[in-house]
Amino acid sequence: MSALLASVATYTVVFTLLAATAEHLSQPGALARALAAHRVVAAPTPVAVLVIAAEGVLAGAGIVALRAEGDQGLRTAVLLGSAVLLGLYAAYGLHLRSTGRTGPCGCSRLELPMTGWVVARAAVLAGLALVGLSLSGAVVGWERADASLAVVLLASATFATLLWHVPSAMYYPAGAADQTVGRPAPGTEGGRPG
């Protein structure tokens with residue numbers, strides 16, 4: 001059971017970092033614009049470049065570390081680095097929310113605001129990195145082509161996809177809600193047919 005938990009946690013973190021890197025590279029200026037809007041860091045563009053590079057290095061190193069089950073040192077470094085990076089994301093989001101600073105999260109091509117769901121996703125992913133780190137010796141390498149790897153890959157891809165889309169799925173822009181909620185249907189008075 002620990003092999004399944006460790007493997008799914010580790011692969012989910014690596015897959016999410018891959019998605020984050022791809023999203024940031026598809027819209028390279030989005031993160032820098034978001035950081036500028038937050039007015040927290042003095043140099044948003046260099047910080048954005050550093051963040052995207054860190055995600056890319058961790059994702060690439062994670063793929064290499066998962067190739068063989070025996071590459072414990074690299075896997076430990078990737079999971080520790082991922083936990084730190086994702087923990088910093090969560091702390092930064094909490095800081096923005098507690099100070100009332102608004103603006104986009106900068107986490108994808110979509111212009112999503114920095115919501116509690118963005119913070120929660122980062123915290124969950126940091127927690128998954130710590131779970132993977134604590135059980136890193138049990139992680140299944142992707143060179144092992146068997147049913148257990150297939151289960152790990154399917155579960156991890158599912159969790160990574162769900163976690164990636166949580167902030168956009170839970171975001172309801174003002175005015176986008178159905179304006180008829182709570183109103184009687186046309187042709188009815190007070191809920192009774194007219």
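The values are calculated or read from the model by the stated rules, or taken from the named source; none is laboratory data. This one's a predicted model, so the numbers in the text were calculated from it and none came from an experiment. With ideal geometry, Cβ positions are generated from the backbone for all residues, glycine too; neighbour counts draw on all protein chains shown. These area figures cover heavy atoms from the full protein model, side chains too; ligands, DNA and RNA do not enter into them. Shrake-Rupley method; radii C 1.70, N 1.55, O 1.52, S 1.80 Å.
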Inset, instruction - Provide, for q = 0.09, 0.11 Å⁻¹, the log10 of I(q)/I(0) from a solvent-free Debye sum over equal Cα point scatterers in the chain. - result: -0.40, -0.55
Legend entry - H165 accessible area, assembled protein chains, probe 1.4 Å, Å²: 90 Å²
Legend entry - the chain, relative contact order in percent, only Cα pairs under 8 angstrom and at least six apart counted: 33 percent
Legend entry - Förster radius 25 Å - calculated FRET efficiency between T102 and L25 (Cβ-Cβ, nearest 0.05): 0.45
Inset, instruction - Roll a 1.4 angstrom probe over the protein heavy atoms and tell me the percent of accessible area of the chain that is carbon or sulfur. - result: 69 percent
Inset, instruction - Starting from the Cα of R67, step 7 Å along the direction of its Cβ; do the same at M170; then give the gap between the two resulting points in nm. - result: 3.7 nm
Legend entry - Rounded to whole Hz, the Karplus (6.51, -1.76, 1.60) HN-Hα couplings of region 147-159, x for glycine and proline: 5, 5, 5, 4, 5, 4, 5, 5, 5, 5, 4, 5, 5
Inset, instruction - Calculate the spin-label point distance for S134 paired with H95, positioning each point 7 Å from the Cα along the beta-carbon direction, and give it in nanometres. - result: 2.7 nm
Inset, instruction - Please give the per residue accessible area of the chain, computed with a probe of 1.4 Å over protein heavy atoms only, in Å². - result: 53 Å²
Legend entry - Principal semi-axes in Å for region 1-71 [√(5λ), Cα gyration tensor, largest first]: 30, 12, 10
Legend entry - Ellipticity estimate at 222 nm from DSSP helix runs (n ≥ 4, -39,500 (n - 2.57)) divided over the chain, nearest 500: -22500 deg cm²/dmol
Legend entry - Near-label residues of region 80-100 by backbone N, under 16 Å of a point 7 Å along Cα→Cβ of R39: 96-100
Legend entry - Surface accessible to a 1.4 Å probe, E23 within the full protein complex, Å²: 40 Å²
Legend entry - Amide H within-cut-off set for G103, under 5 Å, with H built and near neighbours excluded: M114
Legend entry - Additional length obtainable on full extension of the chain from A120 to T76, 0.36 nm per residue less Cα span: 13.5 nm
